[in-house]
1. Out of everything in region 341-369 that is of a type in the set (A, V, I, L, M) and surrounded by fewer than 24 Cβ atoms within 10 Å (Cβ to Cβ), what residue ends up being nearest to GLY419 (Cα to Cα)?
2. Considering every residue within region 421-434, establish whether at least one is farther than 30 Å from ASN38 by Cα, outside any loop (DSSP other than H, G, I, E, B), in contact with a His (Cβ under 8 Å, 6 or more places away or on another chain) and in contact (Cβ under 8 Å) with a residue 60 or more places away in the chain.
3. What residue, among those in region 359-379 that are over 20 Å from HIS318 (Cβ atoms) and of a type in the set (A, V, I, L, M), is modelled with the lowest pLDDT?
4. If you check SER95, SER77, SER43, SER147, which single one turns out to be in contact with a Ser or Thr (Cβ under 6 Å, 6 or more places away or on another chain), farther than 20 Å from ILE184 by Cα and in contact (Cβ under 8 Å) with a residue 24 or more places away in the chain?
5. What is the residue count in region 384-399 for residues that are buried (at least 22 other Cβ atoms within 10 Å of the Cβ) and farther than 22 Å from VAL335 by Cα?
6. Check LEU167 against each of (1) part of a loop (DSSP other than H, G, I, E, B); (2) under 21 Å from the mean Cα position of the chain (by Cα); (3) within 19 Å of TYR238 (Cβ to Cβ) and name the one condition it does not meet.
7. For region 318-402, which fully contained helices (runs of 4 or more DSSP H) count at least 3 residues that are closer than 20 Å to LEU5 by Cα and in contact with a Ser or Thr (Cβ under 7 Å, 6 or more places away or on another chain)?
8. Out of (1) touching a helix residue (DSSP H, G or I) at 6+ places or on another chain (Cβ under 9 Å); (2) loosely packed, with under 15 Cβ neighbours inside 10 Å, what's the single condition that is false for PRO114?
Amino acid sequence: MIRNLEELVDNGGTKFGKERRDALEILDGVLEKMNGYNLVKSSLKIENGFMNIKGRKINLLAHKRIFVVGFGKASASMAKAIEEMIDVDGGMVISTEDIELRKIENVKGSHPLPDRKNVEATEKLVDIVKNADEEDLIIVLISGGGSSLLCMPIVSLNAMRDVSQELMRKGCTIEELNVVRKHISRVKGGRLASMSRAKMISLIISDIIGNPLESISSGPTVADFSTFEDAMEVLDKYGVKNEKVRNFIERGVRGEVEETPSRLSNVENFIIGDISMACRLALEMAEERGYNARIVSTSISGEAREMGANLAKYAIFHPRERIVFIGGGETTVTVEGEGKGGRNQEMVLGAIKEIAGEPMVFLSCGTDGIDGNSPAAGAIADGESLARAKKLGLSPAMFLENNDSYTFFERMGDAIMTGYTGTNVMDIQIIIKK
């Protein structure tokens, strides 16, 4: 999946080329195995008319019709696998992928901010959900990015976009952002499932630390216990003044708008992929290559540049050699500059000074293939990257100040390019110490 793998290896020269290749090929293997198509194929078994998922058997023959709806960066890949395994009657997914499906319509939407096409596709998807009856089954395919791709705001689309963008720029957590999204949406926070008379089975690829079902893609098929008061607290915490959104949330606080449903009886939700699975795969592949390997954490959070420096220090002071450290999670970037980049590239940029002169390679990558507002998935650096940057006249500190990590790594030739990968289980870090 890594389009420029050989260039990234060559940039390490004879000193770091092997370790760069190992880190990148481990990453490539993880991205392949965590693709939505492969996760569905490995999670489901279809036998004698039954669908078996995590020990739960569902009788497919008991349902008159089977529909598929989905939303998220991996939903089209997931739908492709479903079509190969089950004779479905139709459906729709809203994704970021160019995948042609036979019976399921795939609409390519915009991300990270929705546009009118997302809204129009969501309206059609809702019609499928509403028109299914008690004898039907709806298989719902959910992955990261669904909060943007499944979009039917109660407030105006522009108001919803503006508030989402402001909260992201101010470094709010995904859970906080989704509390607000749920309360200004007609489909999030369990509302999609509440529209249907049919039985629903949701297959979910988690992109949030701890796999909180109610937050992944803003929980369209999950009972929701957050409130309008919680949404208002988020707006107040980050100083969001958008009048249209605040007025609507205030109406909800006063009890003038119905809360998101706290009970749902027609849906079962199953996690089929997450960052812990990705990190375990990376560990196995590192051990197969003869390294000692350990997972540092699958819940890394905090400011990206600071976490990059901290992870580098941890690896430097660890007493073992020839070891691979694996991390996963989702950091944040408080945007103060005008540059291009994302949390993975900013994390690696924050680590460059720490690993200078050390026998070390540091990689961080977004498993969805897109990091922030850049075309890169992440970046890689090694113990000679700082010296190489100085020869090119590049100052890591200046690029960090402008949140311009992509420009730095693009000039270094060390931006990892994959395009959309068909999955999204947050970010993964691979650090190799020679």
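1. MET360
2. yes
3. Among those residues, the one meeting the criterion is ILE370.
4. SER95
5. Adding up the residues that qualify gives 2.
6. Result: LEU167 fails condition (1) only.
7. Correct list: 343-355.
8. Answer for PRO114: the failing condition is (2).
The values are calculated or read from the model by the stated rules, or taken from the named source; none is laboratory data. Computed from a predicted structure; not experimentally measured. Please note: Cβ atoms are built from the backbone with ideal geometry, for glycine as well, and neighbour counts cover all protein chains shown.
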